[in-house]
Amino acid sequence: MMYSKFYLSDILRFISKLSWRRLGNALLVLLSFYLTRLLRRPVQWGVPMTISVEPTTACNLRCPECPSGLRSFTRPTGNLKADFFRRIIDELGRRLTFLIFYFQGEPYINPDFLEMVRYASGQGIYTITSTNGHFLNDELARQTVESGLDRLIISVDGATQEVYENYRRAGKLEVVLQGARNVVKWKQQLNSTTPHLIFQFLVVRPNQHQIDDIRRLAKEIGIDELKLKTAQVYDFENGNPLIPTLPEYARYAELPDGRWRVKNRLLNHCWKLWHACVITWDGLVVPCCFDKDAQHRLGDLKENSFEEIWQGGPYRQFRRQLLNGRNQIDICTNCTEGCKVWA
């Protein structure tokens, strides 16, 4: 760990937001997951502990392995509406442990983003977002600190512009670093411990030699934590120039015949499908963040309540399908859930 005192502050803040209702819901979810594994049939109690909501599908960058960056969605694009978001929180907020303001797109493009953060924070929910950092000018940095956001993940995939733009195409590294400095400054001026600031470094072959450089840069700026994240690539079977040569940072392994495979074994269960879900900007409920184009639509919040969807037929069928053969579900075959390296 980089700076344990900051981790402790973040952990204590999270604990302070737990209520008996949230703890009870978490226990129900955990018990139903393990009962499912024991019985080999889906049992689902409670509601998700974690929900990811999508502020927008729009993005200012052109990252090569991202549907937003590639502009390759088949689903409609748009922004989450604040009143619709409040309705979701009013139904689930008292039992919700984590709220992640991210799925696809750049959250700060949605003009109502920080208003929604303030609303969720006012309900005592631990809030998280992930950004490419290009919108953290002085004013938005101040508003971010004032919003009550608990954790801010900033993607910084290079320590120099030349390396950074290999993946973050159309991005400007100095703009991102200045944005991070702005947030650090306002945390100090407002005497705030939030948001917990994380630099997330997506390790790919072009930037793997800069891991020590990004660690030094994070410390110089005053970042609380550095995450070294492994990269998902879509075309990996015949190799890919983004796959790192450092095996500890690669999700894929080369076979003797020259082909590549996902390192993880595809076990026929998945904790994510019991404790979390994703809600798109227009109210579709999908199983997890690997369903980037919302192909597996398990319900629509414009038509049904969340609990009706969570306990409904499509969700039960998807859980049953997963138990019978996870390797038969397209979004699961490139899944490496949990493959993150903490620096």
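The values are calculated or read from the model by the stated rules, or taken from the named source; none is laboratory data. Everything quoted here is computed from the prediction, not taken from an experiment. Ideal geometry is used to build each Cβ from the backbone, glycine not excepted, and the neighbour counts take in all protein chains shown. Ligands, DNA and RNA are excluded from the accessible area calculation, which covers all protein heavy atoms including side chains. Shrake-Rupley method; radii C 1.70, N 1.55, O 1.52, S 1.80 Å.
Structural remarks
- A DSSP coil position with no more than 15 other Cβ atoms inside 10 Å describes the following GluC sites (Glu not before Pro) in region 271-326: Glu303.
- Shown for region 82-127: the carbon plus sulfur share of the solvent-accessible area, taken with all protein chains present and a 1.4 angstrom probe, equals 46%.
- For Asp138 and Leu246, the FRET efficiency from 1/(1 + (r/R0)^6), where r spans their Cβ atoms and R0 equals 25 Å, is about 0.10.
- For the set Trp186, Trp20, solvent exposure ranked by accessible area (probe 1.4 Å, protein chains only) runs largest to smallest as Trp20, Trp186.
- Rounded to 5, the percent of DSSP beta bridges in the chain classed as antiparallel: 30 percent
- Expected 222 nm ellipticity per residue - DSSP helices of 4 or more, -39500 (n - 2.57), all of the chain, to 500: -10500 deg cm²/dmol
- Size of the chain: Rg and Dmax of its alpha carbons, in Å, are 19.8, 58.
- Protein heavy-atom surface of region 132-251, 1.4 angstrom probe: 47% of the accessible area is carbon and sulfur, with nucleic acids and ligands not counted.
- Percent of Cα pairs exceeding the 15 Å cut-off, where the set is region 124-192: 53 percent
- Loop-located chymotrypsin sites (Phe, Trp or Tyr not before Pro) in region 219-256, at most 15 other Cβ atoms within 10 Å (DSSP): Tyr234
- Inter-label distance, nm, simple model (7 Å from Cα along the C-beta direction), Gln161/Arg94: 5.4 nm
- Take every DSSP beta bridge whose two residues both sit in region 84-187; close to 0 percent of them are antiparallel.
- Per residue, in Å², the accessible surface of region 187-343 once ligands and nucleic acids are set aside, probe 1.4 Å: 46 Å²
- Just checking the listed ones, Glu106, Glu146, Glu248: in the Gaussian network model of the chain with Cα springs under 10 Å, the one fluctuating most is Glu248.
- Modelled spin labels at Leu8 and Asn324, positioned 7 Å past Cα toward Cβ, are 5.2 nm from each other.
- Contact order normalised by residue count of region 110-154, Cα under 8 Å, 6+ apart, percent: 53 percent
- Directionally averaged projected area (region 31-88, Cα convex hull): 6.7 nm².
- Counting only protein heavy atoms and a 1.4 Å probe, region 1-141 has 46 square angstrom of accessible area per residue.
- Relative to its residue count, region 92-249 spans a Cα convex hull of 128 Å³ per residue.
- Applying a threshold of 22 Å to the alpha-carbon distances of Lys81/Lys272; Lys81/Lys302; Lys185/Lys229; Lys187/Lys272; Lys172/Lys229; Lys227/Lys263 flags Lys81/Lys272; Lys185/Lys229; Lys187/Lys272 as lying beyond it.
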